[in-house]
Amino acid sequence: MRIDKYLWCTRYYKTRSIATDACKKGHVKINAKNVKPSKEVFTGEKVSVRKNQINYEFMVLDTPKNRVGAKLVDLYRKDLTPKEAFENIELLKFAKNYYRKKGEGRPTKKDRRDIENYNNYDESE
């Protein structure tokens, strides 16, 4: 079975074309090698998929004939993704918290002065 079809069948990607694009961009690796979307995937191979800043890793147990339900996905793969990968995403969420919420508009005059002081910007020079 093709790797793009396998990723679609095991519900890593919503559509097969998205899975194909991920393969072309180098987000999918089989046994630590970048692959094309037409690469055949076999039982026992280790696949890693980079999606949403997480490197998912799994072992192929079997190839499904069609797209399978979410409850049946574990029959066709063994998840090897380390728990640290998911913990790093939680840390990134905290790092992105700013004092100003997204969509609140332009910086105020005080905000601009703070930014200029932070950048050691001096208008007199």
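Every number here is computed from the coordinates shown, using simple stated rules; none is lab data. Nothing here was measured: the structure is a model prediction, and the numbers come from that model. Here Cβ is always computed from backbone atoms with ideal geometry, including for glycine, and neighbour counts include all displayed protein chains.
Brief remarks on what is shown
- TYR118, TYR12 arranged by Cβ crowding within 10 Å, fewest neighbours leading: TYR118, TYR12
- Reported label for calculated Cα Rg over 2.2 N^0.38 Å given (1) 1.08; (2) 1.27; (3) 1.58: (3)
- Only Lys, Arg (+1) and Asp, Glu (-1) charged, at Cβ; the chain dipole about Cα centre in debye: 760
- Its relative contact order, with pairs defined as Cα atoms under 8 Å and 6+ residues apart, puts the chain at 18 percent.
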